[in-house]
Amino acid sequence: MALVLLHCRENNKAHNTDEISVDRLIVRRGKPFLLTLQMKTADMSALDKLEFTVQTGLQASEALRTKAMFRISPAGLANNLWNASIQEKTVSSVTLSVSSPAEACIGEYSLRIKTASSFTCDNKFILLFNPWCSDDSVYIPQESDRREYVMNEHGLLYIGSSDYIFPKTWTFGQFEQDIVDICLKLMDRNLKCLRNKEEDFSARCSPIYVSRVLCAMINAQDDGGVLHGKWCGDFSDGTSPTSWNNSVQILRKWARNYNSVKYGQCWVFAAVLCTVLRCVGIPTRVVTNFQSAHDTDGNLVIDQYRAESGRVLENDSVWNFHVWVEAWMRRPDLSGDFYDGWQVVDPTPQETSNGLYCCGPAPVKAVLEGHVDVKYDVPFVFAEVNADIVNWKILSNGSKIMLNSDTCEVGQNISTKMVGMDKRSDITASYKYTEGTEKERQVYKEAVKRGTKPLSNTPNSPPGSRNLQLKLVEVSKSINGKDINLSLVLNNSNQASKKLQIHLLAQVMLYNGVPGAIIWTEDPETLLLSSKEMSIPIQIAYPRYATLLGRNIIRVNAIVTDLDNNGISYHTEKDIVPENPKLTITTKGMAYPGSEMTAEVVFENPVSMVLTDCKVTVSGSGLLVDVQETNLPSIKPNTRIRVLVPFVPYKAGARQLVANFNCNLFTDINTSITVDVKPAHIATRV
């Protein structure tokens, strides 16, 4: 029997997969790889008789492109078929270059070679998408983009609100050795595969198909996927979404018994999908949309209702932020190449798409131009970034009065990590034209025309003479653990004085736009003299919001009624995201693979209350094999704690060590440090 040498280390390095493993063959489609056959002399004299068979999936067939049989071809023969050519020959061995089509199905393959006298054993290898290959539909031209969107195992997610944008360090870890197997298992367990394995394996040539099925498998809504979603309440039977900072931990937990992991929210769903898509070779980046609309009826208008007191009622929601991913690919299923490039893929289970909870791939260019009749799920994404808002006041008799409308609030500061730098890149202009311009309104009307809902007849402004201006202003920066101070600024541009009834209200808003507890109210009356401005101070004491924040925000609402002008009402609001206290992490020791190092995490309790249920987690791809968790029962007021975490780096290169702190009053305090792990051969010279 002939012996096959797969040259795993050399091949994997050439195919940019050696970060996954150098002990098994993992290659990218459209690029040759080498193998050597050691054979009997009689077989060496009959190389033209060699017959190669590669196949993936059950009941593989040539008709479905999951199986190929081929012989040696002349070197340099270019075609889009599986082929092999001779590179080097000795008396007892031959080295061959084997090439796969640039549109081959990805997955685990078996390779069998028939010689003149025998067969080889089945040799296993994994084939991935190839963003380095210009013929592959995931090809992305710039090497800097490939380094960032395929090879980078660490990144930044952006959270908070449009006025308070915070980076959160995340470990994607797509090249941890077992993650590629978990990704393939995810595909094998998707509902389409369970219904028709042959068709599913055949469709894995398309990143459009693969991104859709993996998107659906990240949430557990209908297919036993990776993560259960939960947006409020008690998380004690699982892990709070704010405690995660590492995709690897989540994917490994799912792979143990294929039970969905508790719990995820949008940034967790998106980060895990980013890991999976990068692992299989699709360039991917995590994107945050601030003031993200959830249009439940598809009319591109978000109606928001408030009681006379200013209390926010249940309605179409506007999330203070929402996170999805963009995946880079061509769209041959659409006309021409206009829609090629970045595609929105959103695994957070919000609405169904063709019967499954997934969203996309939706071309970003289609969103920009209002082409909502393009697949997949463009109307939903367009509304997320460009819906109009109408605010209503609900009276005690059930009738409603329009307070104002806003064409600019939705879709602000759309953000992703900058290529090669730990900085925020604002990509709003790739989703929408500048708010307030004629072009932006033209696109909105184009979206309505192409959509399935008629244009709303909502007036552009409420009735009556409008000569009162109001705004809410922060007096000082809001810090979590301290009182919040604002002012309501009123300006009367009328020549007559105004008697005003004012309803002030502060309410916790879940980050997905669902109203929570009311934490402060005040209802003053005042006389505002003609052509004058006045400020009304607002103070929200820390104990009022201490236990309610988490990933939520404080929304301060003001409804002002002009009692001298037919009861005309005015409205303004401001979202407050108090800044969390700082967490620091440092390291000690020499950074080489196999060397012993220690991380020190420091946190100080800044409030006059005892913190309970405290937990510090530390993780880092290439630094710690498993996430390290340290539980602390309590931290007294004004007390500083230090947590020491020993670790041994196991991969060279620049690595991110990430720390998280969570407790009963503060959640998701996050920090990181870069550890530059020198190669092992340098360590031996030191």
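The values are calculated or read from the model by the stated rules, or taken from the named source; none is laboratory data. Note that the structure is a prediction, hence the values are computed from the model and not measured. Every residue, glycine among them, receives a Cβ derived from its backbone with ideal geometry; neighbour counts consider all protein chains shown. Calculation scope for accessible area: heavy atoms of the full protein, side chains included, ligands and nucleic acids excluded. Shrake-Rupley method; radii C 1.70, N 1.55, O 1.52, S 1.80 Å.
Observations on the model:
- Qualifying residue in segment 392-399 (condition: over 22 Å from SER569 (Cβ atoms), touching a residue at least 40 places away in the same chain (Cβ under 8 Å) and of a type outside the set (A, V, I, L, M, F, W, C)): no
- All of ASP188, ASP178, ASP234, ASP223 fail the test of being outside the structural domain of TYR109 (by the TED database) and under 25 Å from GLU326 (Cβ atoms), apart from ASP223.
- Hey, ILE113 at pLDDT below 95, open to solvent by less than 60 Å² (accessible area, probe 1.4 Å) and closer than 22 Å to CYS274 by Cα or not: no
- Here TRP328, TRP324 are screened, and the one residue that is within 18 Å of TYR209 (Cα to Cα), open to solvent by 20 Å² or more (accessible area, probe 1.4 Å) and in a strand (DSSP E or B) is TRP328.
- Selection of segment 479-505 for residues being more than 30 Å from the chain's Cα centre (by Cα) and under 30 Å from PHE166 (Cβ atoms) yields LYS482, ASP483, ILE484, ASN485, LEU486, SER487, LEU488, VAL489, LEU504, LEU505.
- In segment 578-634, the residues that are in a strand (DSSP E or B), charged (D, E, K, R) and modelled with pLDDT of 95 or more: LYS588, GLU600, GLU604
- Yes/no for THR521 being of a type in the set (Val, Ile, Thr), under 23 Å from PRO606 (Cα atoms) and under 39 Å from the mean Cα position of the chain (by Cα): no
- Options THR90, THR66, THR41, THR95: the member that is among the hydroxyl-bearing types (Ser, Thr, Tyr) and crowded, with 16+ Cβ neighbours inside 10 Å: THR66
- Test: residue in segment 401-422 that is assigned by the TED database to the domain that holds VAL325, of a type in the set (A, V, I, L, M), under 19 Å from LYS471 (Cα atoms) and open to solvent by 10 Å² or more (accessible area, probe 1.4 Å): yes
- Among the residues of this structure, PRO347 counts as one that is buried (at least 21 other Cβ atoms within 10 Å of the Cβ), in contact with a Cys (Cβ under 6 Å, 6 or more places away or on another chain) and assigned by the TED database to the domain that holds PHE269.
- One residue alone among ASP626, ASP613 is closer than 19 Å to HIS154 by Cα, open to solvent by 70 Å² or more (accessible area, probe 1.4 Å) and out of contact with any Lys or Arg (no Cβ under 6 Å at 6 or more places or on another chain), and that residue is ASP626.
- Counted residues, segment 483-534 - those being in contact (Cβ under 8 Å) with a residue 40 or more places away in the chain, in a strand (DSSP E or B) and loosely packed, with under 13 Cβ neighbours inside 10 Å: 1
- Residues of segment 535-573 classified as under 17 Å from ARG311 (Cβ atoms) and in a loop (DSSP other than H, G, I, E, B), total: 2
- Residue in segment 93-113 that is more than 44 Å from the chain's Cα centre (by Cα), in the same structural domain as GLN55 (by the TED database) and assigned to a loop (DSSP other than H, G, I, E, B) present: no
- Candidates in segment 366-388 are the residues that are open to solvent by 10 Å² or more (accessible area, probe 1.4 Å) and without any contact (Cβ under 8 Å) to a residue 60 or more places away in the chain; of these, the one that is farthest from the chain's Cα centre (by Cα) is VAL374.
- Screening ILE208, ILE218 for residues that are open to solvent by less than 20 Å² (accessible area, probe 1.4 Å), in contact with a Leu (Cβ under 6 Å, 6 or more places away or on another chain) and either under 23 Å from ARG331 (Cβ atoms) or free of Cβ contacts under 8 Å to residues at least 40 places away in the same chain (or both) leaves exactly one candidate, ILE218.
- Selection of segment 120-136 for residues being in a loop (DSSP other than H, G, I, E, B), open to solvent by 10 Å² or more (accessible area, probe 1.4 Å) and modelled with pLDDT of 95 or more yields TRP132, CYS133, SER134, ASP135.
- Scanning segment 29-62 for residues that are part of a loop (DSSP other than H, G, I, E, B), among the hydrophobic types (A, V, I, L, M, F, W, C) and either modelled with pLDDT of 95 or more or under 15 Å from VAL94 (Cβ atoms) (or both) yields MET39, ALA46, LEU50, ALA60.
- Boolean, SER317 is out of contact with any Leu (no Cβ under 6 Å at 6 or more places or on another chain) and open to solvent by less than 30 Å² (accessible area, probe 1.4 Å): yes
- Scanning segment 635-654 for residues that are modelled with pLDDT of 95 or more and either acidic (Asp, Glu) or part of a strand (DSSP E or B) (or both) yields ILE635, ARG640, ILE641, ARG642, VAL643, LEU644, VAL645, PRO646, PHE647.
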